[in-house]
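The structure under discussion appears below in the form of structure tokens.
Values quoted throughout were computed directly from the atomic coordinates according to the rules given, and no laboratory measurement underlies them. Because the structure is a prediction, the values reported are computed rather than measured. Note that each Cβ is placed from the backbone with ideal geometry, even for glycine, and that neighbours are counted across all protein chains shown.
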Amino acid sequence: MLYYARIETLRTLRNKRYAIFVVVFPVALYLINSGIYGEQTAAGGVRQSVYLMVSMACYGALAAAMMSTALPWAQERSSGWSDQLRVTPLPGWTVIAVKAGAALLLVLPALALVFAAAVIVAGVSLPAGQWALLVPALWLGTIPFAALGLAIGSLLPPDAAQPAAIAAMFGLSLAGGLWFPVEIMSGPLRAVAAATPVYRYAELGWSVVAGGGLPAAGLLSVLAWAVALGAAAVHAFRRATVRS
Amino acid sequence: MKAIVFDQAGKRFGDVTAVGGLSFAIEPGSTVALLGRNGAGKSTTIRMLLGLLEPSSGAVYVHGRPPRAAAAAGELGAMLQEGRLIPELTVRELVALVRGLYPRPLDLDEILGLAGLTGLARRRAGTLSGGQAQRVRFALAVAGAPRVLVLDEPTAAMDVESRLRFWDGMRDYAADGRTVLFATHHLEEADEHADRVIVLAGGGLAADGTAARIKAAAGGHVIRFALGGQPASGLDRLPGVTSAEVAGGTAVLRTDDADATLAALYRRTTLDVRDLELSAAGLEAAFLALTREP
């Protein structure tokens, strides 16, 4: 089982889609945007280079969680690989557990790369206490998105899962304020943003870097999304692997 | 204890009966071919045997247990028809992954050798040819040293070299007293590699026995002659004839008593029989006779 988890992680690290969406995109966008706006002041009174670090780390983490789940799982189902595993003694539930675990593991490099770019290139520095809250919040906060990716992979065939995952990823990032801050959105858009799990997730990070700690309402909201999407993922997984 | 038992196992998909009440039992250590045309129910039968499909009626047992329990105990290994590998993983990683899931697997190098993959161990699956990928899938099927090995059309997409290596590997594997069941629509494969042939047609059992017995049961000889424009009526009622067909002025009779048929053809009909050929029916003819749609 440990070997299975290792192999699951390894295969995604070798995948080009993962590399582009997770490694290149967020770091490049961060460097470009913080190069232009980095010295300005963002919402919460922090420098843009700090605010953008959180936005892009969230985007990279979101991409990692979804890219490593939706399409690979949809492909395994349709290609017969999941049947190949079902003939072995591997218990069915370990497949979804290992995939969720591997997805979480794969979020870490995405976070680390944006943080490293921020610290090394843009000269961001945060108090140790803030890092200690920021990293686990942005890491474990991706659980809802890994669950969403697994649900998409269970419900759709590969040629539909790919666009669905990408649309969900970009749609949620845009609506959740990762591309443009929620503060510059109009009222109705702001209401939409507040309803997305991505905004709630990123809010944890923005609040920490602004010195506000972890907001209880935000934590509860992300937790609720994790439970809801996790239940959806388990249900969809059961339906997709049932022997009819 | 039987290695495989089908007890009135049937499978319906909506209104369509893919397999209807199938019963047979297979002794441990035997190599059995499941022969049938496309759509005869081979894949459905195999998926029920592997626990990937639940029978709509009846039951299936592998060494006395339902297939899911047998799979959990590492009794089953399978090479499925549809089975793309994970392209980012190497051959060695794939084999090591599957072998690690079984309680008493074969040695990694032994598996690679058995499947003829030793030289390909470090290649990523995405770069393999169709035949090479098929050999990897064979390696995955045997990796856990399952007592029951199930192969669904294993040589489809294999080139000649892969095919030869594959059958060698399968023979070596089966030689250790393990049970092998393979589905095929290649008659020569069933004839050459199986101790027993189970013929499926229209989702039911059409014949069951050794290749030789199936040949005999399906009519031993074929008589072929030029009929020209003469009427063909009555040919199918000649003694011994199991089927009669006329196409392009040539009559083809299948018979299980060639002497009686020939005697009657000359003595009891007024036909002008020319260019007559008599041949032993091959498994091909037997197969066609057994699986003809009603």
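Sequence gap at least 6, Cα distance under 8 Å: using those rules, report the relative contact order of the range B:131-286 to the nearest whole percent. Don't skip to the end; give the middle numbers.
Values: 218 pairs, mean separation 29.9, N = 156.
The normalised contact order for the range B:131-286 reaches 19 percent.
Rg/Rh for the range B:68-160 to two decimals, with Rh computed the Kirkwood way over all alpha-carbon pairs. Each step should come with its number before you reach the end.
Numbers: Rg = 12.4 Å, Rh = 13.1 Å.
Rg/Rh: 0.94.
Expressed in nm to one decimal, what extension gain is obtained for the pair B:Ala69 and B:Ala157 from 0.36 nm per residue of sequence separation less their Cα-Cα distance? List each step's numbers first, then the result.
Values: separation 88, 0.36 × 88 = 31.68 nm, distance 3.16 nm.
Contour length minus the Cα-Cα distance gives 28.5 nm.
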Net charge, A:Ala102 excluded, C-beta distance under 11 Å - Lys, Arg +1, Asp, Glu -1
+2
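Where does the range A:1-143 land on Rg/Rh, using Cα atoms and the Kirkwood Rh?
Values: Rg = 17.6 Å, Rh = 16.4 Å.
Here Rg/Rh amounts to 1.08.
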To the nearest 20 Debye, how big is the dipole of the protein assembly as shown about its Cα centre, given +1 on the beta carbon of each Lys and Arg and -1 on that of each Asp and Glu?
1140 debye
Quick shape summary for the range B:139-200, equivalent ellipsoid via Cα gyration tensor, semi-axes whole Å in descending order, reads 17, 15, 11
Which values, in whole Å and largest first, are the semi-axes of the equivalent ellipsoid of the range B:1-112 obtained as the square root of 5 times each eigenvalue of the Cα gyration tensor?
28, 18, 13
Kirkwood estimate for the range B:118-165, i.e. one over the average of 1/r between Cα atoms, Å:
11.6 Å
Just want the ordering: A:Leu150, B:Leu114, from fewest to most Cβ atoms lying within 10 Å of their own Cβ.
B:Leu114, A:Leu150
Could you tell me the calculated FRET efficiency between A:Leu174 and A:Thr41, based on Cβ-Cβ distance and R0 = 35 angstrom, to the nearest 0.05?
0.90
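If the only charges are +1 at each Lys and Arg Cβ and -1 at each Asp and Glu Cβ, what is the size of the charge dipole of chain A around the Cα centre, to the nearest 20 debye? Before the final figure, lay out each step's value.
On the way: 14 positive and 7 negative charges, 124 e Å.
My answer is approximately 600 debye.
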Can you give the mean number of other chain Cβ atoms that lie within 10 Å of the Cβ atoms in peptide B:78-91?
5
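Work out, in µm²/s and without decimals, the Stokes-Einstein translational diffusion coefficient of chain B at 25 °C, 0.890 mPa s, Rh from Kirkwood over C-alpha pairs. Show your work: numbers first, answer last.
Numbers: Rh = 21.0 Å.
Answer from the Stokes-Einstein relation: 117 µm²/s.
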Toward the positive end of the charge dipole of chain B, about the Cα centre and with charges on Cβ (Lys, Arg +1; Asp, Glu -1), which of B:Ser162, B:Gly240, B:Ala18 goes farthest?
B:Ala18
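Listing B:Arg137, B:Arg37, A:Arg238 from the residue with the fewest other Cβ atoms within 10 Å to the one with the most, what is the order?
Details: B:Arg137 23, B:Arg37 16, A:Arg238 13.
The most exposed by this proxy come first: A:Arg238, B:Arg37, B:Arg137.
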Which whole-number percent gives the relative contact order of chain A, counting Cα pairs below 8 Å spaced six or more residues apart?
25 percent
Cα-only Debye scattering, the range A:116-192: base-10 log of I(q)/I(0) at q = 0.16, 0.22 Å⁻¹
-0.88, -1.07
Separation between the A:Ala112 and A:Ala194 pseudo-spin-labels, each 7 Å from Cα along Cα→Cβ, expressed in nm?
3.8 nm
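Convex hull over the alpha-carbon atoms of the range B:26-87: what's its volume per residue in Å³?
Numbers: hull volume 8.1 nm³, N = 62.
In the range B:26-87, the Cα hull volume divided by residue count equals 130 Å³.
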Of the range B:45-87, those with amide N under 19 Å from the point 7 Å along the Cα→Cβ vector of A:Leu10 are B:85-87
In deg cm²/dmol and to the nearest 500, what is the mean residue ellipticity at 222 nm of chain B if only DSSP H runs of at least 4 residues count, each as -39500 (n - 2.57), divided by the residue total?
-9000 deg cm²/dmol
At a 10 Å Cβ-Cβ cut-off, how would you order A:Met169, A:Met67, B:Met1, fewest neighbours first?
B:Met1, A:Met169, A:Met67
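Which of the trypsin sites (Lys or Arg not before Pro) found in the range B:86-136 are loop residues per DSSP with 11 or fewer other Cβ atoms within 10 Å of their Cβ?
Working: sites: B:Arg92, B:Arg99, B:Arg122, B:Arg123, B:Arg124, B:Arg135; in loops: B:Arg122, B:Arg123.
Counting only loop positions with at most 11 other Cβ atoms within 10 Å, the trypsin sites (Lys or Arg not before Pro) in the range B:86-136 are B:Arg122.
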per DSSP, antiparallel bridges as share of beta bridges in chain B, % nearest 5, sits at 65 percent
Whole-Å distance linking the alpha carbon centroid of the range A:143-209 with that of the range A:21-82 is 11 Å
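For chain B, what does the relative contact order come out to in percent, with C-alpha contacts under 8 Å and a separation of six or more?
Values: 617 pairs, mean separation 58.0, N = 294.
Computed over chain B, the figure is 20 percent.
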With all pairs of different alpha carbon atoms counted, what Kirkwood hydrodynamic radius in Å does the protein assembly as shown show?
27.1 Å
Projected-area mean, chain A, by convex hull of Cα positions, square nanometres:
13.3 nm²
Based on the Cβ-Cβ distance of B:Leu108 and B:Arg84, what FRET efficiency does E = 1/(1 + (r/R0)^6) give at R0 = 22 Å, to the nearest 0.05?
0.50
In the range B:31-104, with Lys and Arg counted as +1 and Asp and Glu as -1 at Cβ, which of these residues, B:Gly100, B:Gly64, B:Thr90, has the Cα nearest the positive end of the dipole, that is, farthest along it?
B:Gly64
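Could you tell me which helices of chain A pass both thresholds, a Cα extent of 15 Å or more along their own axis and a mean Kyte-Doolittle hydropathy of at least 0.5, with helices taken as whole DSSP H runs?
Working: long enough: A:2-13 (17 Å, 0.10); A:25-37 (18 Å, 1.27); A:48-67 (27 Å, 1.35); A:92-120 (44 Å, 2.20); A:128-140 (18 Å, 1.35); A:143-155 (18 Å, 1.95); A:158-175 (25 Å, 1.00); A:197-209 (19 Å, 0.30); A:216-241 (37 Å, 1.28).
The qualifying helices are A:25-37, A:48-67, A:92-120, A:128-140, A:143-155, A:158-175, A:216-241.
Go ahead and run the numbers for FRET between B:Arg123 and A:Tyr3, Cβ-Cβ distance against an R0 of 22 Å, rounding to 0.05. Walk me through the numbers on the way to the answer.
Details: r = 19 Å, r/R0 = 0.89.
Efficiency computed from Cβ-Cβ geometry: 0.65.
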Dipole of chain B, Cα-centred, from +1 at each Lys and Arg C-beta and -1 at each Asp and Glu C-beta, to the nearest 20 debye?
600 debye
D (Stokes-Einstein, µm²/s), Kirkwood Cα radius, the range B:65-105, 0.692 mPa s at 37 °C:
280 µm²/s
